[in-house]
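Everything below concerns the one structure shown next.
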Amino acid sequence: MPVERFPVEAGHIMLFARSVGDANQIYYDENYAKGTEPGGIIAPPTFVQASAQFDPDYGLRPKIGQKWFGSGANPTGSNVPPVDEPEQQRAGGGSGLHAEQHYEYHRHLKPGDVLRSVSRPGESWEREGRRAGKLIFSESITEYYDQNNELVITARSVGVRTERPVQQD
Amino acid sequence: MPVKASSIKVGDVHEEVVCNDLSRTQIVQYAGTSGDYNPLHTDEVFATKIAGYPTAFAHGMLTMGMTGKMLTNWLGDGRLTKFGVRFVSQVFPGDTLTAKATVKEIRQENGGPVVDLELSTVNQEGKEVVTGQASARLDP
């Protein structure tokens, strides 16, 4: 998911840290953060995933004026399966799930950074799974650049599309 | 509180309980901050009746985020150079997760010590939900 402009904001970092249950003061207290090795607020290691918020076409966010595929009056709010979404983002029985995520940090993000990302497809492969039938894996590589066009994070994501919902052991 | 290379050795294990009785509300919080509003994670009606799962389940990235908290609490802020995971089993509301890191190697990179770690996050039944690797800069 390429994003043209992802402004990294202090409030977003604080809320993100709360949502992963991380109480580290470096994510919200500027005075505390000044005395740490990074010398200021930084973002937690997986924060860059929130770039989805800044992708206008991200398929897993309800769009104003469009039907959403989650439940409303009925179990699904849409009669139309979300087929025009990228494979990795498709939801439902026999759905797209996240299989792997890898990050390489060239530096850590801080409030005030403005990122853009470029993505390219990686490999794809198939195998027969024990708990979900045929599995189709596809990889994508995303590079995040800062306001100075410096590469800050390289991300590699693997999505899997399953033939049926994953059975529980 | 970065870790000194001399204070750890290959085979050492560090672990932290990173969530206790995971609440549906925390999953909702994560949907809100990450921007991943897939109803599989927060919409019980959709997850069970449409997608065919026993209940809604957490985002894999939430478990990765909680595993990352163990790493930064242990190794210090801004020290990670690499962090990668595989999502091997689903995490459900009510789960209690323990994230573990095992020291595989301590080596020199760009003139300073770096640790390579193998990661495993398990639920209350000892079932692995996430496996992975990470590397971080240490103090000499």
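The values are calculated or read from the model by the stated rules, or taken from the named source; none is laboratory data. All values derive from a computational prediction rather than experimental measurement. Reconstructed Cβ throughout: ideal geometry from the backbone, glycine too, with neighbour counts over all protein chains shown. For accessibility, only protein heavy atoms count, side chains too; no ligands or nucleic acids. Shrake-Rupley method; radii C 1.70, N 1.55, O 1.52, S 1.80 Å.
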Distance between modelled label sites at B:Ser7 and A:Ala73, nm, 7 Å Cα→Cβ extension | 6.2
Quote the accessible area belonging to A:Ile136 in square angstrom, nearest 10, computed with a 1.4 Å probe and with ligands, DNA and RNA left uncounted.
-> 50
Give the value in nm², to one decimal: projected area of the alpha carbon convex hull of the protein assembly as shown, averaged over all directions.
-> 16.0
Give a residue-ordered list of calculated ³J(HN,Hα) values for the range A:42-57 (Karplus: 6.51 cos²θ - 1.76 cosθ + 1.60, θ = phi - 60°; whole Hz; x for Gly, Pro).
-> 10, 9, x, x, 9, 4, 4, 4, 6, 4, 3, 4, 9, 9, x, 9
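Might you report the magnitude of the Cβ-based charge dipole of the range B:1-122 about its Cα centre, with Lys and Arg at +1 and Asp and Glu at -1, to the nearest 20 debye?
Numbers: 11 positive and 13 negative charges, 48 e Å.
With Lys and Arg at +1 and Asp and Glu at -1, about 220 debye.
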How many percent of the accessible area of the range B:43-88 is carbon or sulfur, using a 1.4 Å probe?
-> 52
Euclidean distance between Cα centres, the range A:1-78 to the range A:118-160, Å = 19
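Given a 1.4 angstrom probe, I'd like the percentage of the accessible area of the range A:6-162 that is carbon and sulfur, rounded to a whole number. Write out the running numbers ahead of the final one.
Numbers: 3670 of 7530 Å².
Carbon-and-sulfur percentage of accessible area, whole number: 49.
Could you state the accessible area per residue of chain A in Å², with a 1.4 Å probe and every protein chain left in place? List each step's numbers first, then the result.
On the way: 8550 Å² over 169 residues.
That works out to 51 Å² for each residue.
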On each of the three principal axes the extent of the alpha-carbon atoms of chain A, given in whole Å and largest first, is 51, 39, 35
According to a simple spin-label model (label point 7 Å from Cα along Cα-to-Cβ), what is the distance in nm between B:Arg24 and A:Glu123?
-> 4.0
In the full protein assembly as shown, how much of A:Lys134 is accessible to a 1.4 Å probe, in Å² to the nearest 10?
-> 80
Cα to Cα, under 30 Å, and not fewer than 8 places away if on the same chain: which lysines meet these conditions relative to B:Lys82?
-> A:Lys34, A:Lys110, B:Lys4, B:Lys9, B:Lys69, B:Lys100, B:Lys104, B:Lys127
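Given N residues in chain B, what is Rg(Cα) / (2.2 N^0.38 Å)? Mind showing how you got there, number by number?
On the way: Rg = 16.7 Å, N = 140, 2.2 N^0.38 = 14.4 Å.
That works out to 1.16 for chain B.
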Given Cβ charges of +1 for Lys and Arg and -1 for Asp and Glu, the option among A:Gly96, A:Ile42, A:Ile141 whose Cα lies farthest towards the positive end of the dipole of chain A is A:Gly96
Where A meets B: accessible area buried, both sides, 1.4 Å probe, Å² | 3900
Mean Cα-pair separation over length for chain A, i.e. relative contact order, pairs under 8 Å, 6 or more apart, % = 24
